[in-house]
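Peer 1: Sharing a structure with you now.
The values are calculated or read from the model by the stated rules, or taken from the named source; none is laboratory data. All values reported here derive from a predicted model rather than from experimental measurement. Note: ideal-geometry Cβ built from the backbone for every residue, glycine included; neighbour counts use all protein chains shown. Accessible surface areas use protein heavy atoms only, side chains included; no ligands, DNA or RNA. Shrake-Rupley method; radii C 1.70, N 1.55, O 1.52, S 1.80 Å.
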Amino acid sequence: MTTEKSAPHESTPEEAGPIVELKSIGKSYGNVRALHGVDLAVEPRQVTCVLGDNGAGKSTLIKTISGLHQHTEGDYLIDGKPVHLSTPRQALDRGIATVYQDLATVPLMPVWRNFFLGSELTRGPWPLRRLDIERMKETADHELRNMGIVLDNLDQPIGTLSGGQRQSVAIARAVHFGARVLILDEPTAALGVKQSGVVLKYVAAARERGLGVIFITHNPHHAYMVGDHFAVLRLGTLDLSASRDQVTLDELTHHMAGGAELAALKHELAQVQGIDVEELPEESTSLRAASAASP
């Protein structure tokens with residue numbers, strides 16, 4: 001008996017509309033409202049970047065989309081149909097995979113074992129069924145190379161890889177097991193410049209494979225390198241929703257950093273002797289227009 005993987009999904013030009021769509025989505029924990037009125041659409045072959053400060057609601061949004069928590073307001077649609085996911089497995093079955101910061105890997109296990117962790121291929125009849133090691137190695141190597149990841153030794157512990165390489169293996173694993181939407185939770189947060197570049201390259205590769213990518217990050221520079229659409233969360237609400245041609249990097253950075261709050265801070269600092277605020281940026285008119293246009 002052989003355990004088969006689900007076939008990877010390749011988006012086609014005929015597919016219309018977003019894979020995942022949130023309409024006025026909200027999540028409350030008792031009297032605490034963590035999300036309210038958030039609209040988001042994830043299209044095939046598009047990287048949607050979700051930015052926000054600590055406590056903005058990014059983690060709650062991830063948990064809602066991935067099926068860990070159920071939304072309490074609004075509509076959650078997959079392929080245009082309303083859903084209420086109660087487990088991450090239900091999200092996976094619909095092609096929504098999440099790569100968290102800890103990557104869900106076992107550092108002392110080989111790369112190929114981590115690639116198939118929880119979905120191992122087997123051969124032989126029960127009770128003599130055993131792991132099909134050779135096929136798992138061949139498949140892991142093939143899928144990694146398809147993503148542009150070349151590792152000399154798949155038997156090396158995954159913990160010996162760099163942070164960027166481990167992130168890349170996790171991305172390739174999600175693609176292999178049929179992900180249509182890939183959620184990346186702060187994949188570059190603990191990485192240096194070079195390794196962040198490695199991860200961003202594979203984010204772009206996932207987009208080229210036809211996936212819709214949700215890229216959660218604090219870093220507007222990383223987001224702008226690969227993003228097609230940008231959503232900024234603030235205190236659980238959508239503060240900005242703009243496509244790449246509607247916002248510049250400077251505007252995105254300024255909005256991410258606080259926008260109107262920075263202007264108020266500049267005014268307060270101007271009252272303090274010894275602080276020159278003349279060269280601090282003002283809130284741009286185009287940024288205010290993008291904010292007004294966001295839902």
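Peer 1: Tell me the label-point distance for the pair residue 249, residue 87, using the 7 Å Cα-to-Cβ offset, in nm and rounded to one decimal.
Peer 2: Label-label distance for residue 249 and residue 87, simple model: 4.5 nm.
Peer 1: Hey, if we sort 201, 58, 137 by accessible area with the 1.4 Å probe, largest down, what's the order?
Peer 2: Correct descending sequence by accessible area is 201, 137, 58.
Peer 1: For a test of the definition: using alpha carbon positions, the gyration tensor, and the 1.5 limit on a/c, classify segment 162-238 as rounded, prolate or oblate.
Peer 2: The shape class here is oblate.
Peer 1: Still on this structure, please answer the following. Can you give the accessible area per residue of segment 64-115, in Å², using a 1.4 Å probe?
Peer 2: 51
Peer 1: How many percent of the accessible area of segment 141-227 is carbon or sulfur, using a 1.4 Å probe?
Peer 2: 52
Peer 1: Further, regarding this structure: Pairs to check: 81/137; 27/81; 23/201; 58/201. Give those whose C-alpha atoms are more than 26 Å from each other in this structure.
Peer 2: Over 26 Å apart, Cα to Cα: 81/137; 23/201.
Peer 1: Can you tell me the accessible area per residue over segment 157-198, all protein chains present, probe 1.4 angstrom, in square angstrom?
Peer 2: So segment 157-198 comes to 31 Å² accessible per residue, rounded to a whole number.
Peer 1: Between residue 129 and residue 106, what length in nm is gained on full extension when 0.36 nm per residue of separation is reduced by their alpha carbon distance?
Peer 2: 6.0 nm
Peer 1: Taking 0.36 nm per residue of sequence separation and subtracting the Cα-Cα distance, how much length would be gained by fully extending the chain between residue 119 and residue 32, in nm to one decimal?
Peer 2: 27.6 nm
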